[in-house]
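Below you'll find the structure, written out as structure tokens, and then a few comments.
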Amino acid sequence: MPYTYDDQNIFAKILRGEIPNNTVFENDHALAFRDITPQAPVHVLVIPKGRYVNHDHFANEASDAEIVGYARAIGAVCKLENVTPGDGQSGYRSIANSGEDGVQEVPHFHTHILGGRPLGRMLARA
Ligand code: 5GP
């Protein structure tokens, strides 16, 4: 079943400038901004500027330029937020929730970059 993108989702409104955001980084293909309800000292959301519902939608249908721009934005955010292990910093977790089991709330693809404290296990034990 093809994905249907909802132009009224909150991140689409942020991209159109209808809702303010606290921007951390921007390039031609991605925007990164602070989560409104941070779950760690560093909690940044990285979104593509294109109309993609989730990670597999983006991976399958985005152009190479969009994918590169998005990946570079994540790298830039890690540097700006001082969580890059390769720079001797304490690391981070990147999470892209998708669909019902992934408990995705906003239907515009986004990656959470979380850090600034030990984050515990990846998943709670079932
Ligand atoms: P999801 O559960 O879809 O992976 O995560 C959506 C995230 O978007 C949540 O962490 C939530 O706090 C964040 N969020 C929802 N609405 C807004 C908003 O208007 N502005 C910002 N900056 N973050 C939002």
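Values quoted throughout were computed directly from the atomic coordinates according to the rules given, and no laboratory measurement underlies them. Computed from a prediction, not measured in an experiment: that's the story for all the values here. Virtual Cβ from ideal backbone geometry, glycine too; neighbours counted across all protein chains shown.
Quick check on Asp6: is it in contact (Cβ under 8 Å) with a residue 12 or more places away in the chain, over 15 Å from the mean Cα position of the chain (by Cα) and away from the ligand (no atom under 13 Å from the Cβ)? So Asp6 fails the test.
Every test in (1) within 15 Å of the ligand (Cβ to nearest atom); (2) of a type outside the set (Phe, Trp, Tyr); (3) not in a loop (DSSP other than H, G, I, E, B) is passed by Gly75 save one, and that test is (1). Hey, any hits in region 78-88 for a residue that's within 24 Å of Leu15 (Cα to Cα), out of contact with any His (no Cβ under 8 Å at 6 or more places or on another chain) and part of a strand (DSSP E or B)? Checked against the condition, which is being within 24 Å of Leu15 (Cα to Cα), out of contact with any His (no Cβ under 8 Å at 6 or more places or on another chain) and part of a strand (DSSP E or B), region 78-88 yields no hits at all. Suppose we keep only residues that are over 27 Å from Met1 (Cβ atoms) and outside any loop (DSSP other than H, G, I, E, B) within region 38-64. Which one would you say is nearest to the chain's Cα centre (by Cα)? Looking at residues that are over 27 Å from Met1 (Cβ atoms) and outside any loop (DSSP other than H, G, I, E, B), I get Val44.
Evaluating Val68 against the criteria (1) out of contact with any helix residue (DSSP H, G or I) (no Cβ under 9 Å at 6 or more places or on another chain); (2) of a type outside the set (D, E, K, R); (3) more than 15 Å from the ligand (Cβ to nearest atom); (4) closer than 17 Å to His43 by Cα leaves one unmet condition, (4). Restricting the first member to region 19-47 and to residues that are of a type in the set (S, T, N, Q), and the second to residues that are more than 7 Å from the ligand (Cβ to nearest atom) and outside any strand (DSSP E or B), the beta-carbon pairs closer than 8 Å and six or more apart or on different chains are Asn27/Gly69; Asn27/Arg72; Asn27/Ala73; Asn27/Ala76.
In region 9-37, which residues are of a type outside the set (Ser, Thr, Tyr), under 15 Å from Ile74 (Cα atoms) and either outside any loop (DSSP other than H, G, I, E, B) or within 12 Å of the ligand (Cβ to nearest atom) (or both)?
Residues satisfying the conditions are Val24, Phe25, Glu26, Ala30, Leu31, Ala32, Phe33, Arg34, Asp35.
Can you tell me which residues in region 78-118 are polar (S, T, N, Q) and more than 15 Å from the ligand (Cβ to nearest atom)? Hits for region 78-118 are Asn82, Thr84, Gln89, Ser90.
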